[in-house]
Amino acid sequence: MARRKTTGAATGGAEIAPRALGHRSLVTKRDLGAHRRRLEAEPAEPRGQRAELEESTEANLAAAQRVRLR
């Protein structure tokens with residue numbers, strides 16, 4: 001059975017050279033903008049769900065009180 005190569009052996013012992021200053025990033029501004037929009041939308045989703053839950057709870061309580069009063 002063949003032995004597993006380590007990461008150093010897989011690349012021939014060469015390391016990745018650091019990028020020079022001013023070199024283009026692997027992450028684009030569009031990627032960062034999309035990520036920021038997703039992060040900003042996350043807190044809004046539970047708020048909307050909570051509002052719906054409170055509304056349905058109030059409706060259920062009102063219906064239960066009407067049934068109880070009969």
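Annotations
- A search for C-beta distances below 8 Å between a residue of the range 39-55 that is free of Cβ contacts under 8 Å to residues at least 24 places away in the same chain and any residue that is surrounded by 10 or more Cβ atoms within 10 Å (Cβ to Cβ) and of a type outside the set (A, V, I, L, M, F, W, C), counting only pairs 6+ apart in sequence or on different chains, returns nothing.
- Counting only helices (runs of 4 or more DSSP H) that fall entirely inside the chain and contain at least 1 residues that are modelled with pLDDT of 85 or more, the qualifying elements are 29-41, 44-69.
The values are calculated or read from the model by the stated rules, or taken from the named source; none is laboratory data. Given the structure is predicted, the values throughout are model-derived calculations rather than measurements. We place every Cβ from the backbone using ideal geometry, glycine too, and count neighbours over all the protein chains shown.
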